[in-house]
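Below is one structure, written out as structure tokens; the observations come after it.
Only the coordinates and a few stated rules stand behind these numbers; no lab work does. Quick caveat, the model's predicted, so the values are computed rather than measured. All Cβ positions, even for glycine, are placed from backbone atoms using ideal geometry, and neighbour counts span all protein chains on display.
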Amino acid sequence: MKRTIIKIDEEKCTGCGICVTGCHEGALQIIDNKARLISELFCDGLGACIGECPEGAIILEEREAEAYDEIKVMERISKEGKNTVLAHLRHLRDHNEKEYVKQAIHYLTAQEKYSEIINEFKMETHNNQNEHHSGGCPGSKMMDLRQNDNTAETNNTIIDSQLRQWPIQLHLINPVAPYFKNADVVIAADCVAFSYGNFHNEFLKGKSLVIACPKLDSNMDVYVDKIKLMIEDAKVNTLTVLMMEVPCCGGLLQLTKSAMMKATRKVPVKSVIIGINGKILHEEWI
């Protein structure tokens, strides 16, 4: 069957093992100093490991693969203890995988020794629903933000676009186009401009822009090469990497760092994290 599943770039992988801890299903292992997908049955294709990889060596792609099997995953990870099982259940819940959660709970229920885990997970889920909050990855979780409606605080003033060029998608841009030469460049995750209300005036004004999604885009080796060309040939002045707070967005900064490592010229890079609530959570020059 064809489904979304991870792909590991062995040339980029350093074998650090961070992705292994990010994969609660146990689909990844370090073998011969490289991360390996040991079984397609265990990979849920949700991409939690992407945000864990410091080298940007993991992407999602759609290809022929064995169907994910939640029961086999539970048989495997239930032996690893309460914390691992809870982390896996939260991972499924926060990505709205209700059917897999149901299968996992059914497996655990059939074995009385896991009743404590089931009760704790159900209580936590109940509390999170009441508080509209979850401690897990919010990347694909449904959230109703209407309670944060800010229309009363705005007026009818039309905000002019600060966009200076077209195209903006990283696959489509020419990295040595005139508007990139000696420019301050914003590298933004696709969702940022929709989440941060003052994006144009605060981040885009006077700058050139490229956008990308490290979770959904394919062939991201091209991104590294293009950012490298911006640094070396277009001689950009600065790079500002704008990301959402969700873990998979961290891949955008890793792509930029990879390009910096390949480039012979160095430029200042600023990392900015935007919250789903539209607030700046963190920013720093790195």
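Once phi is turned into θ = phi - 60°, what whole-Hz ³J(HN,Hα) does the Karplus curve with 6.51, -1.76 and 1.60 give for every residue of the range 69-75, x standing for Gly and Pro?
For the range 69-75, the Karplus-derived couplings read 10, 5, 5, 5, 4, 5, 4 Hz, x marking Gly and Pro.
If you average the alpha carbon positions of the range 47-107 and of the range 229-286, how far apart do those two centres end up, in angstrom?
The range 47-107 and the range 229-286 have Cα centres spaced 29 Å from each other.
Could you compute the longest span of the chain free of GluC sites (Glu not before Pro) located in DSSP loops and having at most 14 other Cβ atoms within 10 Å, not counting the site residues?
Numbers: sites that count: E10, E11, E66.
That gives 67-286 as the longest site-free run.
Between E62 and S161, what is the FRET efficiency for a Förster distance of 35 Å, r being their Cβ-Cβ separation, to the nearest 0.05?
After rounding, the FRET efficiency stands at 0.55.
Quick one: which residues, 5 or more positions from A35 or on another chain, have an amide H under 5 Å from its amide H? H modelled 1.01 Å from N in the peptide plane, none for Pro or chain starts.
Residues meeting the criterion, in which the H sits 1.01 Å from N, are G15.
Size of the chain along its principal axes in angstrom, Cα-based, largest extent first?
The Cα atoms of the chain stretch 65, 54, 33 Å along their principal axes.
Rank these for me by crowding, L255, L204, L242, going from fewest to most other beta carbons within 10 Å.
Least crowded to most crowded, the residues run L204, L255, L242.
How high is the relative contact order of the range 2-131, given as a whole-number percent (alpha carbon pairs under 8 Å, six or more residues apart)?
23 percent
Which one of H95, H24, H106 has the biggest mean-square fluctuation once the chain is modelled by GNM with Cα springs under 10 Å?
Of H95, H24, H106, the most mobile in the Gaussian network model is H106.
Please list the non-local residues whose amide H lies under 5 Å from the amide H of Q169, H modeled 1.01 Å from N, same-chain partners needing a gap of 5 or more.
It is I211, by chain and number.
For Cα pairs less than 8 Å apart in space and 6+ apart in sequence, what is the mean separation divided by the residue count of the chain, i.e. the relative contact order in percent?
16 percent
Mind checking the angle between helix 250-262 and the chain's longest principal axis? C-alpha axes, 0 to 90 degrees, to the nearest 10.
Computed tilt is about 50 degrees.
Can you compute the modelled spin-label distance between D32 and K235, with each label point 7 Å from Cα toward Cβ, in nm?
Taking the two extended label points, one gets 4.5 nm.
With θ taken as phi - 60° and the coefficients 6.51, -1.76 and 1.60, list the Karplus ³J(HN,Hα) couplings across the range 225-242 in order, rounded to whole Hz; mark glycine and proline as x.
5, 5, 5, 4, 5, 4, 5, 7, 8, 7, 6, 4, 7, 9, 10, 10, 9, 9
I need the trypsin sites (Lys or Arg not before Pro) found in the range 176-282, filtered to DSSP loop residues with at most 10 other beta carbons within 10 Å of theirs.
K266
Would you mind ranking H91, H200 by Cβ crowding within 10 Å, fewest neighbours first?
Ordered from fewest to most neighbouring Cβ atoms within 10 Å, H91, H200 come out as H200, H91.
Which pairs, out of K7/K279; K12/K235; K12/K122; K207/K266, put more than 28 Å between their alpha-carbon atoms?
K7/K279; K12/K122
Hey, what do the phi angles of the range 8-14 turn into as Karplus ³J(HN,Hα) couplings, whole Hz, using 6.51/-1.76/1.60 and θ = phi - 60°, x for Gly and Pro?
For the range 8-14, the Karplus curve yields 10, 8, 5, 5, 7, 5, 9 Hz.
For E245, what residues show an amide H to amide H distance below 5 Å, using hydrogens built from the backbone and excluding near sequence neighbours?
Under 5 Å from the amide H of E245: I274, I276.
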